[in-house]
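To start, the structure under review is shown below, and the notes come after it.
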Amino acid sequence: MAFAGINHVLPEELFQASDALKLIDKSAAGRYHMQKDNGHLLSGIQTVIFLELPKIDALGNVPTERLNSEQKWCKFFLDADNPDRQEYVRKLAAEEGGIMEAQKTLDKLSSDWVLWKRELDRDVIESDRKTELQYMQEQGIEKGLKQGISQEKMDVAGNMKNAGIPSATIAQCTGLSEEEIAGL
């Protein structure tokens, strides 16, 4: 089941099954309001506005004074991050106070985002450096342990050889070859 308005079909997932929509405007910024199955309007509680950006984008470079409020917002959404359209966005903001506030917030978020991204990049580099140092340290410890164990085997084998224990027994106890034991 889908809710339908003039030239609009809306997926059911957007609304509760007991609610219905009534189209009150068929422009690119379609206004719908909610109503119960019994016809009781919920427009004072909730109004749904669908902004069809492709339709607004298709208008091209319309002078800002020819746009209604919803169309100005659509143009803002479309052009706010386009460097080539910043003069147009400034005109929209000058004519629509809410857009001006949204632009200020967007500018602050953009600035904050750049700072956040720089800090994140520094954190990632520092984390990578620490991980690499930890890995190198672990590798060094592992290598040192292996060398220490090997040296300890050689020392024990040397002591056993000096004590007159046969090379075959020393090899069996230490895991060293008889050639390694002969070199001690």
How big is the C-alpha Rg of region 130-184 next to the rule-of-thumb value 2.2 N^0.38 Å, as a ratio?
1.53
Accessible area, probe 1.4 Å, largest first, for residues MET160, MET154:
MET154, MET160
Along principal axes, Cα extents of region 62-184, largest first, whole Å:
107, 20, 19
Could you order TRP116, TRP73 so the one with the most accessible surface comes first? Probe is 1.4 Å.
TRP116, TRP73
So, with points 7 Å from each Cα along the Cβ direction, the ALA58-TYR135 label distance in nm works out to 5.4 nm
Residue by residue through region 116-122, which ³J(HN,Hα) values in whole Hz follow from phi under the Karplus form 6.51 cos²θ - 1.76 cosθ + 1.60 (θ = phi - 60°), with glycine and proline marked x?
4, 5, 4, 5, 4, 4, 4
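The values are calculated or read from the model by the stated rules, or taken from the named source; none is laboratory data. Every value quoted in this text rests on a predicted model; they were computed, and no experiment measured them. Note: ideal-geometry Cβ built from the backbone for every residue, glycine included; neighbour counts use all protein chains shown. The protein model used for the area step is the full one, side chains on, heavy atoms only, and it has no ligands, DNA or RNA in it. Shrake-Rupley method; radii C 1.70, N 1.55, O 1.52, S 1.80 Å.
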